[in-house]
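The values are calculated or read from the model by the stated rules, or taken from the named source; none is laboratory data. All figures in this text were calculated on a predicted structure; none of them were measured in a lab. Cβ placement follows ideal geometry from the backbone for every residue including glycine, while neighbour counts extend to all protein chains displayed. Side chains included, ligands, DNA and RNA excluded: accessible areas come from the protein's heavy atoms. Shrake-Rupley method; radii C 1.70, N 1.55, O 1.52, S 1.80 Å.
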Amino acid sequence: MSATLVALATIFSQLSLLAFGGGNTILPEMQRQVVQVHHWMSAEQFTALFALAQAAPGPNMMIVTMIGWHVAGWPGFIVSTLAKFGPSSLVTAASMHAWERFKDRPWRRYVQLGMMPVTVGLVAASAMLISHASNRAAIQWAITAACAALGFRTRIHPLWLLVVGAAIGATGFGQT
Amino acid sequence: MAMDSQARPADGRQVSVGELFVGFLGLGLISFGGALPFVRRAVVDQRRWLSPEEFTDLLGLCQFLPGGNVINLSVAIGMRFRGAVGALSAITGFIAVPSLIVIALGVVYARTQNDPVVHHLFGGLAAAAAGLLIAMAMKVAKPIVRSPEGIFIAALMFVAIALVRLPLLPTMLALTPLSIALAWRRQRSAPNTGKETAK
């Protein structure tokens with residue numbers, strides 16, 4: 001049990017500090033660690049937990065909480081939550097003064113510009129891995145494509161897209 | 001950090017630790033599908049803790065640093081008004097209810113995942129969540145579609161992480177400095193596309 005907790009703490013505190021551009025950028029590494037390296041769950045289960053976390057209220061990295069709880073119960077929940085939110089929060093708290101001071105320095109702009117393509121590549125990688133792990137039937141790819149188009153083109157609230165996707169799924173239409 | 005803990009909203013009221021906790025507790029409950037719009041409405045329009053400009057500046061910092069934007073924002077706002085205790089209150093309030101909800105959902109999922117209807121429901125839910133991620137990828141890609149260097153780095157990152165499945169840390173250590181160097185070179189070679197110069 002304690003080896004598992006140490007592994008959870010190591011993985012999520014590292015991911016916490018690497019999550020430039022937000023939580024979605026670290027999904028591929030999280031999936032690699034949780035599914036491929038530690039075999040805590042299948043890729044399909046990982047995707048289901050991600051989908052559940054997206055449908056719940058609150059910040060979008062609640063999948064971390066679910067993984068911790070799934071792997072090691074309440075201790076896993078506490079360790080994962082602290083490891084995921086602690087390090088990045090300390091960095092934020094410590095950076096507030098420096099941010100004011102370097103407001104107009106040109107390098108701040110170059111770093112921001114340079115981070116952008118890295119974020120794009122990582123979010124695209126997340127999208128591909130999650131789609132690939134969740135979708136087996138043609139109807140699922142159709143739901144994914146429709147939600148991608150509607151989410152990009154319209155201002156429909158994402159929760160409605162999740163609800164409609166789940167409702168279509170629940171009919172079992174097209175799934176084996 | 002003492003200076004930050006003395007900050008006050010424009011009308012001079014003090015923001016208490018309890019208010020920070022309760023404010024973010026409420027936000028954790030209602031913010032479905034991305035919390036940012038809800039946080040902005042509560043913090044700027046309803047509670048008036050920050051002016052729109054202050055909010056935008058703090059958000060810039062939170063997007064720049066690692067971690068979720070909104071999580072970082074809760075820490076930054078708590079820190080600004082009440083120092084470390086305020087930061088802890090805000091983030092704890094923010095994730096308390098969602099944590100309990102996802103654990104409850106996880107229990108329900110674990111008990112029912114072999115039921116065919118639930119299995120199919122999750123098939124549809126996960127497919128929709130995947131679609132929303134694709135939409136997110138397209139949105140974040142908008143600012144770089146005109147930059148060949150940007151597309152090159154994004155494509156390299158995608159191949160390394162999604163197809164080759166390389167570990168994130170070494171890949172980021174290699175590609176991020178390269179990307180920043182390319183952005184710097186591009187800005188210098190085409191200064192008119194950057195900040196406006198005085199002349």
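Taken residue by residue and averaged, Cβ atoms of other chains lying within 10 Å of the Cβ of A:155-165 number 5.
Once the chain from A:Thr176 to A:Thr10 is taken as fully extended at 0.36 nm per residue, the excess over their C-alpha distance is 55.9 nm. The alpha carbons of chain A occupy a box of 57, 45, 26 Å along the principal axes, longest dimension given first. Ellipticity at 222 nm from helices only: DSSP H runs of n ≥ 4 in chain A, each -39500 (n - 2.57), divided by the residue count, give -25500 deg cm²/dmol. So, with a 1.4 angstrom probe, what is the percent of accessible area on region A:1-113 that is carbon and sulfur? Its accessible area is 63 percent carbon and sulfur atoms. The label point for A:Ala138 and the one for B:Asp45, both projected 7 Å from the Cα toward the Cβ, are 4.4 nm apart. Distance from the Cα centroid of region B:104-126 to that of region B:159-183 is 35 Å (rounded to whole angstrom). If the segment from A:Ala167 to A:Ala43 were pulled out straight at 0.36 nm per residue, it would be longer than the present Cα-Cα gap by 42.4 nm.
What FRET efficiency, computed as 1/(1 + (r/R0)^6) with R0 = 25 Å and r the Cβ-Cβ distance, is obtained for A:Arg155 and B:Arg146, rounded to the nearest 0.05? Calculated transfer efficiency: 0.55. GNM remark for chain A: springs join alpha carbons under 10 Å apart, and the peak mean-square fluctuation among A:Val34, A:Val120, A:Val91 falls on A:Val91.
Once B binds A, the 1.4 Å probe can no longer reach about 8200 Å² of accessible area, counting both sides. If you run the Gaussian network model on chain B, springs between alpha carbon atoms under 10 Å, then out of B:Ala42, B:Ala181, B:Ala127 the most flexible one is B:Ala181. Extents of region A:57-96, largest first, come to 35, 22, 9 Å (Cα atoms, principal axes, whole angstrom). Springs between Cα atoms under 10 Å define the GNM used for chain B, and in it the highest mean-square fluctuation of B:Thr92, B:Thr176, B:Thr56 occurs at B:Thr176.
Could you tell me the calculated FRET efficiency between B:Thr56 and B:Leu29, based on Cβ-Cβ distance and R0 = 22 angstrom, to the nearest 0.05? For R0 = 22 Å, the calculated efficiency reads 0.30.
Computed over chain B, the per-residue total of -39500 (n - 2.57) for DSSP H runs of n ≥ 4 gives a 222 nm mean residue ellipticity of -23500 deg cm²/dmol, rounded to 500. DSSP H helices in chain B with Cα extent of 27 Å or more along the helix axis and mean Kyte-Doolittle hydropathy at least 1.0? Membrane-span-like by this criterion, though nothing is claimed about a membrane: B:69-112, B:116-141. Once you order the gyration tensor axes a ≥ b ≥ c over the Cα atoms, which shape class does the protein assembly as shown get: rounded for a/c under 1.5, otherwise prolate or oblate by comparing a/b with b/c? Here the protein assembly as shown falls in the oblate category. Dipole of region A:74-176 computed with +1 at Lys/Arg Cβ and -1 at Asp/Glu Cβ about the Cα centre; of A:Val163, A:Ala93, A:Ala133, farthest Cα towards the positive end is A:Ala93.
Listed by number, the DSSP H helices of chain A that run 30 Å or longer by alpha-carbon position along their axis and have mean Kyte hydropathy of at least -1.0 are A:63-101, A:106-134. Dipole magnitude for chain B: computed about the Cα centre from +1 point charges on Lys and Arg Cβ and -1 point charges on Asp and Glu Cβ, it is near 460 debye. Rolling a 1.4 Å probe across the protein heavy atoms gives the protein assembly as shown an accessible surface of 46 Å² per residue.
Quick one: net charge of A:Cys147's neighbours, Cβ under 15 Å, K/R +1, D/E -1? Within the 15 Å Cβ shell, the charges total +3.
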